[in-house]
Amino acid sequence: MPSFGRTGLILLLSLVIFSGMSYRWLSSYYMVEVEDKIEAPMKKWSPPTGQVKPPASCTCPAKSHDLAGSIPTANREDIQKRRAEEYKKHQARTSSILNTLLFAPSNSPLQYPIQGFTVRPLVPTLIPGLALHGVQRSSYKVSLQVTKGVLSLGNQSEAQSVKGGGKKLLILEKLSLEELNKLLAKVTYTIPVYHIHTGDLVHFSFELHEAVFPIAIRQPTVPVLFDMGTNISDQVTVTTKTFMRYKELKVLIRSLRQFYKDVVLIIADDSFTPEKITEENVLQYIMPGGQGWFAGRTLAVSQVTTKYFLWVDDDFIFTEKTKIEDLVEVMEATPELDVVGGSVSGNQFYFSIAYEEGDGVTGGCMDRKPNKKFQSLPNYPQCSIVNGVVNFFLARTDAVNRVRFDPKLKRVAHSEFFMDGLGQLMVASCGHISIGHQPGGDTAQYGRFRYPGKGDGQYKLQLHYYKNHLQCLHYG
């Protein structure tokens, strides 16, 4: 009797036992099925019960501002309705299936990528690392199912044997584990619609074993690089906003030129009676009168062409301790940083922000904590990670333009920029770099515009309630 290998014996038995049945064996003795619609939908995967809690309403710190209470009673119901609708749109835009909490099954024979698998839209991509291990069966059958994309076999000759082409469900069956794994190594994923930033989940099953793993779908972004040149003037632009304080502004310019002759200064000016500044390397942008503090900051930063900008107030004064190069050094050595603040006349103001999103209905809770920092910056013990800094800071131009200063805030504003940038901007504060502050001398006319009344503060609370979806805010 001739000698049969294991595969040959299994094949012979299969042909005898199953010859009259409806199994579809291809010439290479494996079955590939692809289905678009599944009559018995796969049970939606969910994590073990008791381990995932729904979001709960947050707790407001003592002495917080009740932001809902700042809304006039007559308009409150309508505003709350609009806010809820807008928040749903925000969630739809910013949430992702990639945020789904996934649990790795224990003692699973399935191998699959758990992180880092990214595909481009419309481009078929091999799924790396798919395999079945550590089991012995007379035949092996696995399935893969996705929601947004389609699954196929990468090899064209084998793809011709797939019923219906690429679909959302792919079933592979083989007598040999080795041959099954060869097929799994050829499985591709394609997202058939163009999307720049989304994801999908793959359900990978064998018998009673199931694993779920993510696919990130990304359109690669184009780098936007800044030429740092060889001089500080190629690297940094100084920016400021002025309003009816030309005396102080001219002192600022003279002090800047004492230490940095060629650095460009950008001025956003919303004075009601503008005074032309005719200085070399000074760009003055005249705005309609009284447009406000944050509108001016946004305009100034929008005109910066260097990698960094240094923000200063129009009544600051450069000193021998105002070392822009030192701020640049910190930023260049720590690429993940977006903003580095210094001190103003010895005042190193900084703060941290505690924020809870809440249950998605009543809103979040925010607590600004002054003089609270996280950890020291590696290699720079004088610097610490924080969430917000004083009005003297060096920042990456592109990072700040993504957050921007909200022009709705005209007079009562500073921390609000860092609140809007929470989770987007990495911020540090350094005590060894400082700038001076000119002695006070504001005119009565300036003071009438500069210092807010009760209405300004009330408006800001209303803005936080709607725009930031907060229920309470505490200023420590």
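Taking each residue of region 412-426 that is touching a residue at least 24 places away in the same chain (Cβ under 8 Å) and over 15 Å from GLY476 (Cα atoms) and looking for partners that are in a loop (DSSP other than H, G, I, E, B) and among the hydrophobic types (A, V, I, L, M, F, W, C) with beta-carbon atoms closer than 6 Å, six or more apart or interchain, yields PHE417/PHE405; MET426/LEU337. Restricting attention to region 383-403, the residues that are out of contact with any Leu (no Cβ under 7 Å at 6 or more places or on another chain) and not charged (D, E, K, R) total 11. Restricted to region 120-161, and to residues there that are in a helix (DSSP H, G or I) and surrounded by 15 or more Cβ atoms within 10 Å (Cβ to Cβ), the residue that is modelled with the lowest pLDDT is ALA159. No other residue among PHE213, PHE243 is closer than 30 Å to TYR112 by Cα, out of contact with any His (no Cβ under 6 Å at 6 or more places or on another chain), surrounded by 19 or more Cβ atoms within 10 Å (Cβ to Cβ) and among the aromatic types (Phe, Trp, Tyr) apart from PHE213. Residues in region 191-207 that are open to solvent by 40 Å² or more (accessible area, probe 1.4 Å) and at negative phi: PRO192, VAL193, TYR194, HIS195, ILE196, HIS197. For the criterion of being in contact (Cβ under 8 Å) with a residue 12 or more places away in the chain and not acidic (Asp, Glu), SER106 fails.
Applying the set (1) open to solvent by 40 Å² or more (accessible area, probe 1.4 Å); (2) at pLDDT 95 or above; (3) assigned to a loop (DSSP other than H, G, I, E, B); (4) within 23 Å of ASP398 (Cβ to Cβ) to VAL224 leaves exactly one unmet item: (2).
Counting residues in region 268-286 that are crowded, with 19+ Cβ neighbours inside 10 Å and either out of contact with any Gly (no Cβ under 7 Å at 6 or more places or on another chain) or β-branched (Val, Ile, Thr) (or both) gives one or more. Restricting the first member to region 232-245 and to residues that are closer than 12 Å to VAL282 by Cα, and the second to residues that are modelled with pLDDT under 95 and assigned to a helix (DSSP H, G or I), no beta-carbon pair is closer than 9 Å while six or more apart or on different chains.
Taken over region 329-354, the criterion of being farther than 13 Å from CYS430 by Cβ, open to solvent by 70 Å² or more (accessible area, probe 1.4 Å) and charged (D, E, K, R) is satisfied by GLU332, GLU336. If the condition is being in a loop (DSSP other than H, G, I, E, B), closer than 24 Å to THR305 by Cα and touching a Phe, Trp or Tyr at 6+ places or on another chain (Cβ under 7 Å), then region 244-286 contributes only ASP270. Selection of first residues in region 65-87 that are closer than 12 Å to GLY363 by Cβ and touching a residue at least 40 places away in the same chain (Cβ under 8 Å) and of second residues that are small (Gly, Ala, Ser) and open to solvent by 80 Å² or more (accessible area, probe 1.4 Å), restricted to Cβ pairs under 9 Å at least 6 apart or on distinct chains, gives an empty result.
Taken as a whole, the condition of being open to solvent by 10 Å² or more (accessible area, probe 1.4 Å), among the small types (Gly, Ala, Ser) and closer than 30 Å to ARG83 by Cα does not apply to GLY364. Being assigned to a strand (DSSP E or B) and either over 20 Å from LYS460 (Cα atoms) or open to solvent by 40 Å² or more (accessible area, probe 1.4 Å) (or both) is a property that SER429 has. Within the option set PHE117, PHE103, being farther than 25 Å from LYS174 by Cα, open to solvent by 10 Å² or more (accessible area, probe 1.4 Å) and at pLDDT 95 or above holds for one residue only, PHE117. Of all the criteria given as (1) outside any helix (DSSP H, G or I); (2) of a type in the set (A, V, I, L, M); (3) open to solvent by less than 20 Å² (accessible area, probe 1.4 Å), the one not satisfied by LEU422 is (3). Restricting the search to strands (runs of 3 or more DSSP E) fully inside region 322-381 and requiring at least 3 residues that are closer than 22 Å to PHE259 by Cβ and either touching a residue at least 40 places away in the same chain (Cβ under 8 Å) or in contact with a strand residue (DSSP E or B) (Cβ under 9 Å, 6 or more places away or on another chain) (or both) gives 339-344.
Listed here are the residues, each with its yes/no results for (1) at pLDDT 95 or above; (2) touching a His at 6+ places or on another chain (Cβ under 8 Å).
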position: ILE353; (1), (2): yes, no
position: GLU357; (1), (2): no, no
position: ARG368; (1), (2): yes, yes
position: LEU394; (1), (2): yes, no
position: ARG411; (1), (2): no, no
position: PRO439; (1), (2): no, no
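The residue of region 287-314 that is surrounded by the most Cβ atoms within 10 Å (Cβ to Cβ), among those that are in contact with a Leu (Cβ under 7 Å, 6 or more places away or on another chain) and part of a strand (DSSP E or B), is LEU310. THR188 falls short on exactly one of the conditions (1) hydroxyl-bearing (Ser, Thr, Tyr); (2) over 30 Å from LEU110 (Cβ atoms); (3) crowded, with 18+ Cβ neighbours inside 10 Å, and that condition is (2). Tell me whether region 41-49 contains one or more residues that are modelled with pLDDT under 95, of a type in the set (A, V, I, L, M) and either within 19 Å of GLN145 (Cβ to Cβ) or open to solvent by 100 Å² or more (accessible area, probe 1.4 Å) (or both). Yes, that holds for at least one residue. What about GLY69, is it at pLDDT 95 or above and either of a type in the set (Gly, Ala, Ser) or in a helix (DSSP H, G or I) (or both)? Against the criterion (at pLDDT 95 or above and either of a type in the set (Gly, Ala, Ser) or in a helix (DSSP H, G or I) (or both)), GLY69 does not qualify. The set of residues from region 382-411 being touching a Ser or Thr at 6+ places or on another chain (Cβ under 9 Å), of a type outside the set (Ser, Thr, Tyr) and touching a residue at least 60 places away in the same chain (Cβ under 8 Å) comprises PHE392, PHE393, ASN401, ARG404, PHE405, ASP406, PRO407.
The values are calculated or read from the model by the stated rules, or taken from the named source; none is laboratory data. Computed from a predicted structure; not experimentally measured. A quick note on method: Cβ atoms are made from the backbone with ideal geometry, for glycine too, and the neighbour counts reach across all protein chains shown. Heavy atoms of the whole protein, side chains included, go into the accessibility calculation; ligands, DNA and RNA do not. Shrake-Rupley method; radii C 1.70, N 1.55, O 1.52, S 1.80 Å.
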